[in-house]
Amino acid sequence: MKIKFWWLLPLLALLCLGWADSWEALRTSAAAVTSVQADFVQEKHLPILAKPLVSRGVFYYQAPGALRWEYRSPVQSIMLMHAGRTRRFVAGPAGWREESGASLEAMQLVMAEISQWLAGRFDANPMFEARLEPGRRILLIPKEEGLRRVIQRIELHLADRPGVMQRVEIYESEQAFTRMTFSDTRLNAKIDEALFRSAP
């Protein structure tokens, strides 16, 4: 179940990263972030594809635990987390449809990891060995063999501005990887709570 929702990892990272050269400084930066809004472009690179698959969207986060992660193109979907409840909606010909079942249960388990990431405790996550690298980069290496078959490593690239992530790269292999680039990031702005309660 953790493997199925590996795509949530860059989101968790983005919520709390700031410029830092130690785990303690990272946690201090995270404590100052009360909300995050950003646009993102996701590129899926595979050896069999002449061009990467590109998705675009936006996300909103409000401390201590409200989240909206929204893909706007080419397929519309929205994940919401509010008041301890996780929901996912997918747009179709008949409008928005809410998903349920085992996939949602797995998503809720992944969301339970958010408390560690929001506190900036990347070195405490039991799923990964975390390393602070030169050039404002954090490297996450899966510890479990099963997860390593799916994810080789995750690279988190911090921007110059504290609290802002520049990009995340998730490597399944050197030829197969997902890159998420963030732009127009806004920190600590007021966000309407209604955004976290329902899809459009």
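The values are calculated or read from the model by the stated rules, or taken from the named source; none is laboratory data. A quick note: this is a predicted structure, and the numbers were derived from the prediction, not measured. All Cβ positions, even for glycine, are placed from backbone atoms using ideal geometry, and neighbour counts span all protein chains on display. The accessibility values were calculated without ligands, DNA or RNA, using every heavy atom of the protein model including side chains. Shrake-Rupley method; radii C 1.70, N 1.55, O 1.52, S 1.80 Å.
Mind giving me the FRET efficiency for Leu46 and Glu133? R0 is 22 Å, r the Cβ-Cβ distance, nearest 0.05 is fine.
0.25
Accessible surface of Ser173, taken over heavy atoms with a 1.4 Å probe and every protein chain present, rounds to 40 Å². What separates the Cα centres of region 58-90 and region 174-200 is a distance of 8 Å. Within the accessible surface of region 19-104, defined with a 1.4 Å probe on protein heavy atoms only, the carbon and sulfur portion equals 56 percent. A simple spin-label model places the labels of Glu24 and Arg161 2.8 nm from each other, with each point 7 Å out along Cα-to-Cβ. Under a point spin-label approximation (7 Å from Cα along Cα-to-Cβ), what is the Gln152-Asn125 distance to one decimal in nm? In this crude label model, Gln152 to Asn125 measures out at 1.9 nm. For Lys51, which aspartates and glutamates qualify as cross-link partners when the Cα separation must be under 14 Å and same-chain residues fewer than eight apart are set aside? Hits, sequence-local ones excluded: Glu43.
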